[in-house]
Amino acid sequence: MLITNDEEKLREQLSFTESTIPDRIAADPEVVENGLAKLVLSIIELVRRLLEKQALRRMDAGNLSEGEIERLGSALMKLEEKMLEMKKVFGLEDDDLNLSLGPIKTLE
Amino acid sequence: MKSIGIGLHLDREDVEPVAKAIAASNLFVSAIDVDDDQPLSDRELLVRVAQTRAKLLERATFIAVRYGFAFRSAAEAESKIVTNAARWRALLEENRTRVELTLKVVASTQQQKPDRNSFSSGADYLRALHAAKNAAVVSDTFKREVEKTIGALCAKQKWIARDAASIEFAALIERASLLKLAPAGESLKRACPDIPFLLSAPWPLEVFADADHE
Amino acid sequence: MARTQEQVELALLDMLDHLLDRGVVISGEAVISIGDVDLLYLGLNIVLANVDTLSRVLDKRK
């Protein structure tokens with residue numbers, strides 16, 4: 001059962017709607033370099049977001065030491081920087097990394 | 001060949017024949033088998049797991065295992081479950097007739113994600129991220145409407161700050177009361193036509209199975 | 001129950017969210033990190049390493 005109010009706003013504004021899962025990576029040697037980079041970076045970006053959420057959950061639980069908070073925070077910052085570098089290298093925008101969900105399978 | 005763990009169940013009949021049932025620590029793990037080299041971040045697999053979850057939920061309430069639990073033997077599954085098995089069993093017995101529902105609502109103030117370039121220390125940055133997440137708010141009027149229309153049908157409920165863009169309401173509802181949920185949702189829509197929300201049910205025990213949220 | 005295309009997409013995204021971001025965490029393979037700081041940190045470092053590796057591999061092709 002799903003009841004929604006204002007689907008457009010939901011898509012625009014809810015961050016869970018950023019969850020994009022790629023199709024299985026094609027082991028095709030003809031895949032254009034940029035296309036492969038886009039796919040791999042999208043997966044990395046997805047994992048980065050999940051790890052960020054995980055870090056925030058740990059903050060909620062309040063059981064991180066000062067040193068751990070520093071390490072996690074720095075690692076997240078470094079990761080974001082790396083992602084930015086990589087996007088520049090391949091000339092990709094944030095939008096390019098949001099793979100469309102493709103044809104939607106009917107859910108029961 | 002490896003197995004993808006889906007849920008934790010009280011009885012074998014709760015699982016079979018929808019999925020494979022693996023006995024572990026006085027519980028049963030539901031699983032589907034995939035190739036060893038099957039990547040987990042595969043949309044078809046995710047949809048398949050989601051559909052299996054839905055079918056399992058039709059049979060009986062279970063505790064959802066977060067996606068990513070893969071194992072190669074019953075012994076491996078057992079070793080990973082044993083620590084919390086007793087607590088999970090008690091939870092399942094207490095909530096046999098209940099399912100979860102969630103309501104996600106867009107925060108009234110959209111937070112900008114903190115800019116990492118304004119922070120010199122990792123700790124400050126992570127704290128700022130955390131603060132932004134918890135700063136997401138929704139009007140008290142809306143919260144009261146939710147509690148009045150939907151909360152009133154539920155055995156347990158809680159509000160959660162999940163991320164900077166939204167707030168979430170999670171609750172446990174008796175299966176017998178599910179029929180009343182759609183009308184309650186429509187009633188909420190009428191009462192608050194300008195607030196975007198997404199109400200979905202039923203779900204297995206997820207939020208209420210997670211120790212962090214106790 | 002008839003649904004609009006938008007609702008179908010939202011249902012799919014909602015479903016993915018429930019699958020990936022909720023439920024009890026039992027250690028396993030790597031899409032999701034595990035509730036232990038070292039492993040989380042390791043996860044972040046692995047992802048960093050992947051980005052570097054990707055960069056090197058693609059540089060070599062040029």
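The values are calculated or read from the model by the stated rules, or taken from the named source; none is laboratory data. Source: prediction; values computed, not measured. Positions of Cβ are generated from backbone atoms using ideal geometry, with glycine treated the same way; all protein chains shown enter the neighbour counts.
In the range B:1-26, the residues that are modelled with pLDDT of 95 or more form Cβ pairs under 7 Å with partners that are basic (Lys, Arg) and crowded, with 19+ Cβ neighbours inside 10 Å, at six or more places apart or across chains, as follows: B:Ile6/B:Arg53; B:Gly7/B:Arg53. Within the range B:40-60, residues that are more than 9 Å from chain C (Cβ to nearest Cβ) and within 14 Å of C:Gly23 (Cβ to Cβ) sit with their Cβ atoms under 9 Å from residues that are at pLDDT 90 or above and part of a helix (DSSP H, G or I), at 6+ positions apart or across chains, in these pairs: B:Leu56/B:Asp14.
Can you say whether A:Arg71 is closer than 23 Å to B:Ala161 by Cα, in a helix (DSSP H, G or I) and at pLDDT 65 or above, as far as the supplied structure shows? Criteria not met by A:Arg71.
Mind checking whether some residue in the range B:68-90 is away from every other protein chain (no Cβ under 13 Å), among the acidic types (Asp, Glu) and without any contact (Cβ under 8 Å) to a residue 40 or more places away in the chain? Taking every residue of the range B:68-90 in turn, none turns out to be away from every other protein chain (no Cβ under 13 Å), among the acidic types (Asp, Glu) and without any contact (Cβ under 8 Å) to a residue 40 or more places away in the chain. Yes or no: the range B:81-89 includes at least one residue that is basic (Lys, Arg) and closer than 15 Å to B:Ala31 by Cα. No, because not a single residue in the range B:81-89 is basic (Lys, Arg) and closer than 15 Å to B:Ala31 by Cα.
So that you can scan it fast, the table gives a plain yes or no per residue for (1) among the aromatic types (Phe, Trp, Tyr); (2) in contact with an Asp or Glu (Cβ under 9 Å, 6 or more places away or on another chain); (3) under 13 Å from B:Asp14 (Cβ atoms):
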{"site": "B:Gln38", "(1), (2), (3)": "no, no, no"}
{"site": "B:Asp42", "(1), (2), (3)": "no, yes, no"}
{"site": "B:Val47", "(1), (2), (3)": "no, no, no"}
{"site": "B:Ala50", "(1), (2), (3)": "no, no, no"}
{"site": "B:Lys55", "(1), (2), (3)": "no, yes, yes"}
{"site": "B:Glu58", "(1), (2), (3)": "no, no, yes"}
{"site": "B:Thr61", "(1), (2), (3)": "no, yes, yes"}
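Suppose the filter is within 24 Å of B:Ala201 (Cβ to Cβ), of a type in the set (Val, Ile, Thr), modelled with pLDDT under 95 and in contact with a helix residue (DSSP H, G or I) (Cβ under 9 Å, 6 or more places away or on another chain); does B:Val49 pass it? Answer is yes for this residue.
Go through the range A:54-65 residue by residue and tally those that are within 7 Å of chain B (Cβ to nearest Cβ) and under 19 Å from B:Pro114 (Cβ atoms).
To start, the set of residues in the range A:54-65 that are within 7 Å of chain B (Cβ to nearest Cβ) comprises A:55-57, A:59-61.
Narrowing further to those that are under 19 Å from B:Pro114 (Cβ atoms): A:55-57, A:59-60.
Number satisfying all stated conditions: 5.
Scanning the range B:17-41 for residues that are of a type outside the set (Ser, Thr, Tyr), over 21 Å from B:Asp210 (Cα atoms) and touching a helix residue (DSSP H, G or I) at 6+ places or on another chain (Cβ under 9 Å) yields B:Val18, B:Ala19, B:Ala21, B:Ile22, B:Ala23, B:Ile32, B:Val34, B:Gln38, B:Pro39, B:Leu40.
Across the range C:1-25, the number of residues qualifying as at the interface with chain B (Cβ under 8 Å from one of its Cβ atoms) and touching a Ser or Thr at 6+ places or on another chain (Cβ under 7 Å) comes to 4. Scoring B:Ala176 on the criteria (1) within 21 Å of B:Ala60 (Cα to Cα); (2) in a loop (DSSP other than H, G, I, E, B); (3) among the small types (Gly, Ala, Ser) leaves a single failure, condition (2). Selection of the range B:130-171 for residues being surrounded by fewer than 18 Cβ atoms within 10 Å (Cβ to Cβ), assigned to a helix (DSSP H, G or I) and β-branched (Val, Ile, Thr) yields only B:Thr141.
Residue count for the range B:163-212, restricted to those that are more than 8 Å from chain A (Cβ to nearest Cβ), more than 18 Å from B:Gly7 (Cβ to Cβ) and in contact with a strand residue (DSSP E or B) (Cβ under 7 Å, 6 or more places away or on another chain): 6.
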